[in-house]
1. Can you sort Ile50, Ile76 by how many other beta carbons sit within 10 Å, fewest first?
2. If the cut-off is a Cα-Cα distance under 15 Å, which aspartates and glutamates reach Lys45, setting aside same-chain residues fewer than 8 apart in sequence?
3. Taking other Cβ within 10 Å of each residue's Cβ, how do Tyr47, Tyr84, Tyr35 sort, fewest first?
4. Could you calculate the contour length gain from Trp82 to Arg69, that is, 0.36 nm times the residue separation minus the distance between their Cα atoms, to one decimal place in nm?
5. Would you list Cys74, Cys30 from fewest to most Cβ contacts within 10 Å?
Amino acid sequence: MQPAQLIGKTGKRTPKTVTELTSLQQNNLCKVQKYLPTALRVFRKAYSGISTAAAIKSKCLECTNLQQREVATCTIEGCPLWRYRPYRQKS
């Protein structure tokens with residue numbers, strides 16, 4: 001697909017279709033659907049490139065093997081996304 005086809009009249013990128021996902025992304029979606037179906041929409045938004053917040057959330061979930069509680073209690077302060085991780089307690 002040409003870059004001009006990815007950009008609409010507003011200049012925003014259009015979301016990827018399922019056929020444009022890599023095989024690894026498709027495998028990840030199957031895994032998410034099986035083990036954490038409530039996060040499936042987040043992963044789809046992240047893979048389409050329409051939400052930075054969804055990309056951060058999906059990466060944190062991927063890192064913790066789809067365990068939301070582990071994301072909240074993450075102790076890897078060296079991670080560039082640690083400050084932005086979802087599910088943490090507000091203090």
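1. With the fewest neighbours first, Ile50, Ile76 line up as Ile76, Ile50.
2. Filter leaves Glu20, Glu62.
3. Values: Tyr47 22, Tyr84 14, Tyr35 11.
Ascending number of Cβ neighbours within 10 Å: Tyr35, Tyr84, Tyr47.
4. My answer for the length gained is 3.3 nm.
5. Numbers: Cys74 16, Cys30 11.
Ascending number of Cβ neighbours within 10 Å: Cys30, Cys74.
Computed from the coordinates by the stated procedures, all read-outs in this text should not be read as laboratory data. The structure presented is a predicted model; accordingly, all values stated were derived computationally and were not measured. Reconstructed Cβ throughout: ideal geometry from the backbone, glycine too, with neighbour counts over all protein chains shown.
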